[in-house]
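Report on the following structure.
A short reminder: the numbers here are calculations on the coordinates, not readings from a lab. Note that this is a predicted model, so its numbers are computed, not measured. Neighbour counts are summed over all protein chains in view; Cβ atoms, including those assigned to glycine, are modelled from backbone coordinates with ideal geometry.
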Amino acid sequence: DFFLLFFSSSLKPLSLSLSLSSSSYIFVLPLSLSLLSLSKTSTMRATDNNQGSFLNRISIRRNQVVSMDGNHEQELEDLELFQKHVADRFSDLLPPADHSSVDVAAVDTLLSVSWFRKLLDVFLCCEAEFKAVLVMGRDPTQFSKPPLDKLLPELLDRSVKALDVCNAITHGVDLVRHWQKLARIVVSALEQRPIGEGQVRRAKKALNTLLTSLTFDDKENNHSKSTERAWSFGRNRGGAAGNNKDRTAGNFRSPSWSVAKSWSAAKQIQAMSSNLVAPRGGEPTGLASHVYILTTVLVFVMWALVAAIPCQERNGLSTHFPVPRQLGWAQAMIGLQEKIGEEWKKKEKKGTAGLLEETQRMEKLAQSLVEFADSFQFPAEAEKAEEVAAQVAELADICCKMEEGLVPLQQQIREVFHRIVRSRTEVLDLLDQSGKLSAPVPY
Amino acid sequence: MGDCESIFPTYDAEQHVIAAALHLVKALGASENLSDDMKKILTDFDTQLSTMTKLTGSKAGLICDVEDQLKCAQEKVMCWQSSQLTIWDSDPKEVSEYLQAVDEVRRLTESLGNLLSNKNGKQKELLDRAHSVLQMAMVRLEEELMHILARNKQFFGPRCMSFHSYEEGVVFDESIVSTEDDSVEDTSRGESSGTESEEYIMDSVHPGVVSDIKSIATVMFASNYDQEFCQAFTSFWRDALDEYLIICKMEKLSIEDVLKMEWSSLNHKIKKWCRAMKSVIQSYLASEKWLFNQVLGEFGSVSSICFFEASKASMLCLLNFGEAISIGPHPPERLFCLINMYEVLADLLQDIDALFLEEVGSFIRIEFHELLRRLGDSVRATFVGFGNQVALNTSTTPFPKGGIHPLTKYVMNYIRTLAGYGDTLNLLLEGQDREDGQNISSHIFGPMAHHFQSVTSILEANLDNKSNLYKNGSLKHIFMMNNIHYMVEKVKSSELRTYFGDEWIRKHIGKFQQHATSYERATWSSVLSLLRDDGRNPVKAILREKCKGFAFAFEEVYKSQTGWSIPDPQLREDLRILTSLKVIHAYRTFLGRCSTSISDKYIKYTADDLENYILDLFEGSPRSLHNTWR
């Protein structure tokens, strides 16, 4: 998919050029050219209409000289192209139906760190394409007319909610990295040969902290969270140390969410997805569909992140949000949604871990290893030792994957954050230019 | 150690190992291409092995010795294990003995791991025991570390204590929407910037315990428990910073919350944010970084990685609030807060770059720079948008009494306050509006002068529109005169003078004087025309009529214009004098002409009366002369 390549390879310059807004129209032009030239239909039509070069055509569109019909056709073309790209990009994210025919190693497992990095790339691409269509050559007065006068402010509203989700997820990734570090200790301890009591105890300490954190129930511990400080023993007891049991709590880290206490990821997603209605077929402007598609993509991405990466208050996270089944471009997304939704149903009540593939495997291994540690007697049986060695190797592998993937993932989430912020500003500028909004923007 | 032999019946095997090692060392020593250092090491090793051979040979027993040492160290470790006391709270001698014991165990695990054959069950058991003791000691050290940190953490006082009184800065809470209300206060920039640059490097922990922490770090790192140490140490400081933000009264707010918040409370939060940002970066983190380097400096990049991990979450929270503000709408009154935030960050730029110098900290550095850029954009957009706001302020009814319109006050006070931010704004507006070449002011006084002058032009145009609402032409001129005079006074009496220049002031003095002249003409020309000597011989009846007509006209003027307002006393005085000169002079001439023709009873007012009555004009409270006319 050349188009995808184009976007992902030039994300930075693209966003730069777009942020110059419409006054620097010439900078946006190269993008518009590639947008058009990539669409065969538009190439043909351009010559059919005898409107000369693209440049000419675009400037005519911009000056709003072109007839309503021409404008409408262009919008339909843009829409068709946008739908196709969204459909293609999401199909790439679907796990292959036939495992035997594909090199399994080459495919990113659903909900793995690398899968999420791809997903965020897809979002950034869709967003860039959406904005290109929105910013370029539109008659700005249509932003202040129905249906866009309502849809765009709604999109802005959802973007703000998405920003808060991004923030929560950024902190969630930190928690996952904390787990990774604990797992790393387990690996260091159990990699030793021979495994002795000391190593097992070392591993067990890390495993207990890890499992407590993984299965931490937000709801149950919500109230004690802020008051109970894991290592406040020294101060609270006036210097006399408590018993050893208390002191070993040292390394437990309750998820400190860094968001407002009342904030709920589940409610946030709920608010983002409610009233999300596909425009009816006969709506006059193609941009309404663009807005709908981008909003759906945005909601999907945020929903998937919330389901996978620990963040505050996920109880009651919806397992799906309604996307009409007849929409061609949404098929792959609906497929993904169903798979993730099923996973979520299985997992919902089980602590903070979330659906991140690496985390789930880590949790299973940790449980199995803690069982081993509990029943350990020196020296370990050879068979058992082998089994443990395999598990430790797998845990080491997960740690490596996390080590490689989590920091870039976090940076990507920040990139998404900043992109949404920039786009919001640009859309607000557009609305500003279009003058009198029929409904004032909430913020 | 009588039972040595029973535990190690196979010390023969031991001898084999040592013999083999000895052989190996000798073989290596024979090699020719060895460095001097290497040779020395081999020689030392050789001597050591020989002694060991002798020892084992003489049945003194290395293993007995090892076990002896382990047992001894283990006792030391275990005796603390059951104690309720903390080691570092007791005698320093105890501490050093404990550390020695732990180091002993650590060395034993190493030498046992290296030297002993894995096949020997008993030796394995010994090694296992050593590891086990070491692990217990490590857990204990981690607890001791936490205890030391919790006990000795210094609370950052001074800056937090004075939070209430500290730096009030600019209060410009008026909204442009509320300009119909006359309460706009003059504001000027507080003397905030000068007093804040003091260095506040304090100690994160009591200086006396830094070496204790370091000794724990050293032994844990040497024992390969570095991950545990870093986890505990980092977690502690992450939570400590989290707590510090609570002390600084920084709430955790979502972006949505911030956007929905009332301006007054948001304004308050912004001030707290500015203070928290400064004290976190300049003092708190600076001293924390110092501590991290003291404790972890010798372990390479560990120090900067841990420091980054410990400060990241809270830094993101702080930066995030800034993001939320930069995202929000920017009505003009927020400009000052935005500039304050911008300036705070700009001041901290070097500190941030120093704190997060290393690659690992680039995440924070980038976020920080991004926020600075965004706030700069917001400042620029708000400032440029201010002109539009001024243009859009429309009235439907004429402003009563022709006084100074609140919009004029608002705009002038606003830009006067802005003048205090000249350097920052000039920097941010640099490169804007370059195409506007014909305006020389921007070249002389910088981009801000250009923007100021364009704002006042917009204001003038707006006032001109507002003045058209008056039905009375004279009042229109009074209104314009009042407002332009106000602008000139504001410019003359403040820093704005340097942005507008004498040329602008001269031009605008001319403008309001022109309005004064126009007022004279509009009000008094017709009135005085009644007194005009039309060249013919004065006829009594006509003179009487003229006299009556003039008095009536004067009374009308008096009735309306005593209600008009010229708030500036000097300007009021000047206009009265101007009026007096013109009116009294004409009246006296008239009276001189008719004194012979008509009796005094037809002359209602003397020139002195008129002069006194003129002093009543423009006071803002309508009065009327007793109308004894019939």
Q | Over the range B:563-630: Kirkwood hydrodynamic radius from C-alpha pairwise inverse distances, Å | A | 13.4 Å
Q. From a point 7 Å beyond the Cα of B:Ala354 in the direction of its Cβ, which residues of the range B:271-302 have a backbone N at a distance under 14 Å?
A. B:281-291
Q. Local charge sum around B:Glu503 (other residues, Cβ-Cβ under 14 Å, Lys/Arg +1, Asp/Glu -1)?
A. +4
Q. Just counting partner chain Cβ atoms within 10 Å, what average do the residues of peptide B:221-230 show around their Cβ?
A. 3
Q) Between B:Asp464 and B:Arg506, what length in nm is gained on full extension when 0.36 nm per residue of separation is reduced by their alpha carbon distance? A) 13.2 nm
Q) For B:Asp616 and B:Asn388 in the same chain, what is the full-extension length gain: residue separation times 0.36 nm, less their Cα-Cα distance, in nm? A) 78.1 nm
Q | Whole-number Å³ per residue for the convex hull built on Cα positions in the range A:333-418 | A | 138 Å³
Q. Using a simple spin-label model with points 7 Å from Cα along the Cα→Cβ vector, what separation in nm is obtained for B:Ser395 and A:Thr141?
A. 3.3 nm
Q) How far apart, in nm, are two points set 7 Å out from the Cα along the Cα-to-Cβ line at B:Ser525 and at A:Asp374? A) 10.5 nm
**Q.** Most positive-pole-ward Cα, B:Val539, B:Ile598, B:Thr579, against dipole of the range B:524-616 from beta carbon charges
**A.** B:Val539
Q: May I ask you to derive the FRET efficiency for B:Lys122 and B:Glu243 from their Cβ-Cβ distance with R0 = 45 Å, giving the value to the nearest 0.05?
A: 0.30
Q. Size of the dipole of the range B:524-616 about the Cα centre, Lys and Arg at +1 and Asp and Glu at -1 on the beta carbon, nothing else charged, in debye to 20?
A. 520 debye
Q | Calculated FRET efficiency for the pair B:Tyr602/B:Gln514, C-beta based, R₀ 35 Å, to 0.05 | A | 0.40
Q. Where in the range B:476-511 is the amide nitrogen less than 13 Å from a point lying 7 Å along the Cα-to-Cβ axis of B:Lys582?
A. B:477-478
Q. Along the Cα-to-Cβ line of A:Lys267, 7 Å from the Cα, sits a label point; which residues in the range B:259-275 have backbone N less than 16 Å from it?
A. B:259-261
Q: Provide the net charge surrounding B:Gly113, with neighbours chosen by a C-beta distance below 12 Å and charges set as Lys +1, Arg +1, Asp -1, Glu -1.
A: +2
Q | Theoretical gain in end-to-end length, B:His369 to B:Lys540 [0.36 nm per residue, Cα-Cα removed] | A | 52.8 nm
